[in-house]
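The values are calculated or read from the model by the stated rules, or taken from the named source; none is laboratory data. Remember, it's a predicted structure, so these values are computed and weren't measured experimentally. Here Cβ is always computed from backbone atoms with ideal geometry, including for glycine, and neighbour counts include all displayed protein chains.
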Amino acid sequence: MNRPVQKIAVIGAGALGAVYGSLLFTLDRDSVFFIADGPRGQRLKADGVTVNETSFHIPVFAPEEAPVADLVIVAVKHRQLDEAIAGIRRAVGADTVILSVMNGIDSEERLAAVYGAEKVLYALSIGIDAVREGNAVTYQNLGRILFGERDNTEQSARVRRISGLFSRAGIAHEVPQDMVRSLWFKYMINVGVNQVSAVLGMTYGSLRESAGAREMMDAAMREVIAVAVAKKVDLSERDLDEWYRVLGTLGASGKTSMLQDVEAGRPTEVDMLAGTMIAMGEQYRIPTPVNRELFSELKRIENEKERGR
């Protein structure tokens, strides 16, 4: 299929869903729609989303009413993935490509188990410093999407097609040769910065200035590197330097998604981050003391928030 992408479904209207939805809506008001139902769907229909103080009333379809899309962008939290997998069913047609920009390293496998690997591309979002409050999102740095097939030694037709869409919409993107390595790089970052920022209550600027926070991030990320090496994933100490280069580009007042979840009293993704690290560490007999400490502390914070409601 060589024609341009014409219809895009977005499930998840949080920070990433709102930002990418707004850029695609700006490109073509008839091209993009949200999939949402219940109170969330009603709010989206009534209020739309606001990105950098501009309102966007993007069409909203309930899952059972969604039209078939050329591209489905999955931008939900990890705990919402099963619901999202069911929710996109009507939007997935014979030629649909599914792109997950979620945190973690297993969403592609879970989507492929239902819809087939031939419909799923690997993807991640890096370097965006979006902050969401209610239906309003602000960001200074858009960052970029890394996406593609598992191996992009030669770019496939569907990768080139999505790349063309992102270029037209002003969405910075790259197609790495090894997407599994890229997913693990992002996972390493999330294990470090998301969890440490949430425990310490620190913005990106505060993390840059705190030697103690950087030491804790390094230790958590080194545990990821050790497990990755055991799994024969090409991750190493040089990737810590690359992370700090990314951190230097983020707005000082920006906050990780996990810190935003903690401040809003929402459940965090600690099970997918530290919880998964602990399980993989046990599998490969690799100690993960820092992630165990972060897991315990984040569960304590979650429980305190729950009791305070």
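For the stretch 213-222, check the following and say yes or no: at least one residue is at pLDDT 95 or above, under 27 Å from R300 (Cα atoms) and among the basic types (K, R). Break it down stepwise before answering.
If we filter the stretch 213-222 for residues that are at pLDDT 95 or above, which is where we start, we get 213-222.
From the residues that got through so far, the ones that are under 27 Å from R300 (Cα atoms) too are 213-222.
From what is left, the residues that are among the basic types (K, R) are 214, 222.
Checked against the condition, which is being at pLDDT 95 or above, under 27 Å from R300 (Cα atoms) and among the basic types (K, R), the stretch 213-222 yields at least one hit.
Run K232 past the list (1) surrounded by fewer than 13 Cβ atoms within 10 Å (Cβ to Cβ); (2) in a helix (DSSP H, G or I) and report the number of the one that doesn't hold.
K232 satisfies all of (1) surrounded by fewer than 13 Cβ atoms within 10 Å (Cβ to Cβ); (2) in a helix (DSSP H, G or I) except (2).
Here are the criteria: (1) touching an Asp or Glu at 6+ places or on another chain (Cβ under 8 Å); (2) closer than 22 Å to R3 by Cβ. Tell me which single one V175 does not satisfy.
Failed condition: (1).
Filter the stretch 147-170 for residues that are on the phi > 0 side of the Ramachandran plot and surrounded by 18 or more Cβ atoms within 10 Å (Cβ to Cβ) and give the result.
Restricting attention to the stretch 147-170, the residues satisfying the condition of being on the phi > 0 side of the Ramachandran plot are 148, 170.
G148 - this is the single residue of the stretch 147-170 that is on the phi > 0 side of the Ramachandran plot and surrounded by 18 or more Cβ atoms within 10 Å (Cβ to Cβ).
Pairs please, first residue from the stretch 79-97 and outside the structural domain of I162 (by TED's automatic domain parsing), second anywhere and aliphatic (A, V, I, L, M), Cβ atoms under 9 Å, 6+ apart in sequence or on different chains.
From the stretch 79-97, no pairs qualify.
Among the residues in the stretch 164-179, are any among the acidic types (D, E) and farther than 24 Å from L27 by Cβ?
Scanning the stretch 164-179 turns up at least one residue that is among the acidic types (D, E) and farther than 24 Å from L27 by Cβ.
If I filter the stretch 281-309 down to residues being in a helix (DSSP H, G or I) and of a type in the set (A, V, I, L, M), which single residue comes out as nearest to V229 (Cα to Cα)? Give the derivation first.
Looking only at the stretch 281-309, we keep the residues that are in a helix (DSSP H, G or I), and these are 281-284, 289-307.
From what's left, of a type in the set (A, V, I, L, M): 290, 294, 298, 301.
Details: V290: 18, L294: 22, L298: 26, I301: 31 Å.
Checked the stretch 281-309; the qualifying residue nearest to V229 (Cα to Cα) is V290.
Kindly indicate which of L99, L124 is aliphatic (A, V, I, L, M) and under 16 Å from M272 (Cα atoms).
Sole residue among the options that is aliphatic (A, V, I, L, M) and under 16 Å from M272 (Cα atoms): L124.
Between a residue in the stretch 205-216 that is free of Cβ contacts under 8 Å to residues at least 40 places away in the same chain and not assigned by TED's automatic domain parsing to the domain that holds V191 and any residue that is in a helix (DSSP H, G or I) and buried (at least 18 other Cβ atoms within 10 Å of the Cβ), which pairs come within a Cβ distance under 7 Å, given they are 6 or more apart or on different chains?
none
Hey, could you check the stretch 31-62 for residues that are out of contact with any Ser or Thr (no Cβ under 7 Å at 6 or more places or on another chain) and of a type in the set (A, V, I, L, M) and say which is surrounded by the fewest Cβ atoms within 10 Å (Cβ to Cβ)?
Applying the filter and picking the extreme gives A46.
Of all residues in the stretch 22-56, which are within 24 Å of V92 (Cα to Cα), of a type in the set (D, E) and in contact (Cβ under 8 Å) with a residue 24 or more places away in the chain?
Once the filter is applied, which keeps residues that are within 24 Å of V92 (Cα to Cα), of a type in the set (D, E) and in contact (Cβ under 8 Å) with a residue 24 or more places away in the chain, the stretch 22-56 yields only D37.
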